[in-house]
Amino acid sequence: MAAPISDEIAQKIFKVMEEQTDILKKMGNGLTKLEEAKLKKPLRVEVLDEEEREDWDERDKTDYERNKQFEKLMVETIAIREKMEKMQLAFLKAQGMDDCLYNIVDIALELNQFAGGDNKKQNMAPNMTEEEAARQKAINDWLPVTASRTAKWWYSAFHNVTAMVGAGVLSLPYAMSHLGWGPGVTVLILSWIITFYTLWQMVEMHEMVPGKRFDRYHELGQQAFGEKLGLWIVVPQQLVVEISVDIVYMVTGGRSLKKFHDIVCPNCKSIRTTYFIMIFASVHFVLSHLPSFNSISGVSLSAAVMSLAYSTIAWTASAAKGVQPDVDYGYSAKSASGKTFNVFTALGDVAFAYAGHNVVLEIQATIPSTPEKPSKVPMWKGAVVAYIIVGLCYFPVALIGYWVFGNSVEDNVLLSLEKPNWLIAVANMFVVIHVIGSYQIFAVPVFDMMETFLVKKLKFRPSFILRFIIRNVYVAFTMMVAIIIPFFGGLLGFFGGLVMAPTTYYLPCIMWLVIYKPKPFSITWMANWICIVLGVALMIVGPIGGLRTIILSAKEYEFFS
């Protein structure tokens, strides 16, 4: 039963409603004036593109802008009417003073924003003071993802290349050796198409609500699934993806450094991989203190260039080496179970190779956006360039590497190349430089989540000391796990299937279906469901093969060796 409302509270409610009367009258007068202007001279119905608009004379342009303004105001008026209905419902069904006032003040503030109210009060929660709003803005300006929004379209290109073309490309010939020519080529092409499509979906959904940006993956999840459920669905998966990628890159960086050392100094005393992982980690104890996403742009650009360079070296050196005399394109495993598990591992490797979606929204958050020039335009332009580069890296490495070495190829194709020594040494150093940048690309969103939790939830004061401690702890954690479990191929398959398939292959499709609700059995609806089915299958089989590889490798491994 609704709680009774006293005369005093009722007076407060009516006062709030009366305060909005003037706002509604102003908007009504504005609509009347626009309608009168519209009736005086018919407006153009045809909406021309940008090039044609440049040729309009001033009068036509004025008519076009008036029409746009009128349509926008009509949409806002409809929204106000809906909110007034909610206000009445809140009044009738109030469960007490606080709930009733909260609902009505919330709607009143939104009405004030529609009418062009005080900018200082816009985007404030109904119970938020100006001081609290200023504090929240200061925190957002301090957090690494939203600290800077000055990126250009080419930032999107090299950030996406750095995020995607990493350790995974070097394992693609190994994946091909377990899949064979037909299935292998099919899986590579399908993965490229599906992930390109889901990337487009995420770019489009970044600003699907006018005036609001979903700067982080979990914010988009909250829009689709609700505040609490969205967090529980997205945050655990995103954290596991980003942390696991950084662990794999620790392993990759350490192993590539060791390979470089062994080639350059073949007569030197052998040094454990553990120490090379620690050397690689020492770089991140410094770089991890760069404050924002945009501040690592130089590192990311260098990494993108290196990825294209070492991928080119990998496939050109393989082609120059020529097909090996004893090459075998059959499956290396003899038993049916062994072949099956290897296929599962290969599918996980491919999923890992296309794991850049977890930072797409965070990358787009660094690009400025206005109603006239939304961020999705430069973001998508950069993403298209990035995916062309991805194709130029992935397909030659995968196909030529497998063609040359067959099923004897290593899980890192550079390890299969022995000569010329100087070229292999250079390629391994390029890999080191690239994974330095890739590590940072995936680490920044983790830093952002940790700092957001500590500052907003636990009320820690934003400071250099706080940032210094949590970022060093994170780097140390990923370094220790990499030292304990340096099983490169198994890690790719396990993490690739477990969490990268969901966040890359089908979670964007589920969000798209929930938010946009396309007509059942339409092309869009079917395309999304195909991606979902394939992604779920990949999520199930990938970890199985990867875990088996880790178990087999662990039998012959000594910790900290």
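Could you check how much of the accessible area of segment 273-316 is carbon and sulfur, as a whole percent, using a 1.4 Å probe?
Details: 1310 of 1620 Å².
Roughly 81 percent of what the probe reaches on segment 273-316 is carbon or sulfur.
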- Filter the cross-link list LYS228/LYS519; LYS212/LYS517; LYS339/LYS519; LYS258/LYS376; LYS212/LYS459 down to pairs whose alpha-carbon distance in this structure exceeds 30 Å. LYS339/LYS519; LYS258/LYS376
- Cα-based Rg and Dmax for segment 173-239, where Dmax is the largest Cα-Cα distance (Å): 16.7, 49
- Message: Counting only protein heavy atoms and a 1.4 Å probe, tell me what percentage of segment 383-534's accessible area is made up of carbon and sulfur.
- Response: 78 percent
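Keeping all protein chains in place and using 1.4 angstrom, which order do SER302, SER148 fall into by accessible surface area, from largest down?
Descending order: SER302, SER148.
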- Assuming R0 = 41 Å, can you tell me the calculated FRET efficiency for the pair ASP141 and CYS265, based on Cβ-Cβ distance, to the nearest 0.05? 0.30
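Could you calculate the FRET efficiency of MET526 with THR186 from 1/(1 + (r/R0)^6), where r is the beta carbon distance between them and R0 is 30 Å, rounded to 0.05? The partial results should precede the final answer.
Numbers: r = 19 Å, r/R0 = 0.64.
The value I calculate is 0.95.
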- What figure in square angstrom, to the nearest 10, would you give for the accessible area of TRP380 with a 1.4 Å probe? 70 Å²
- Task: Go ahead and run the numbers for FRET between ILE540 and LEU229, Cβ-Cβ distance against an R0 of 22 Å, rounding to 0.05.
- Result: 0.50
- Taking only protein heavy atoms and a 1.4 Å probe, the highest-to-lowest accessible-area order of VAL323, VAL446 is VAL323, VAL446
- Message: How many angstrom lie between the Cα centre of segment 378-442 and the Cα centre of segment 171-248?
- Response: 21 Å
- Give me the accessible area per residue for segment 241-367, probe 1.4 Å, as a whole number in Å². 37 Å²
- So what's the gap between the Cα centers of segment 332-346 and segment 299-331, to the nearest angstrom? 24 Å
- Task: Run the quick spin-label model on LYS212 and GLU131: label points 7 Å from Cα toward the beta carbon, then report their separation in nm to one decimal.
- Result: 2.8 nm
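The values are calculated or read from the model by the stated rules, or taken from the named source; none is laboratory data. Since this is a predicted model, take the numbers as computed values, not measurements. Positions of Cβ are backbone-derived with ideal geometry, glycine not excepted, and every protein chain shown enters the neighbour counts. All accessible areas refer to the heavy atoms of the entire protein, side chains included, with ligands and DNA or RNA removed. Shrake-Rupley method; radii C 1.70, N 1.55, O 1.52, S 1.80 Å.
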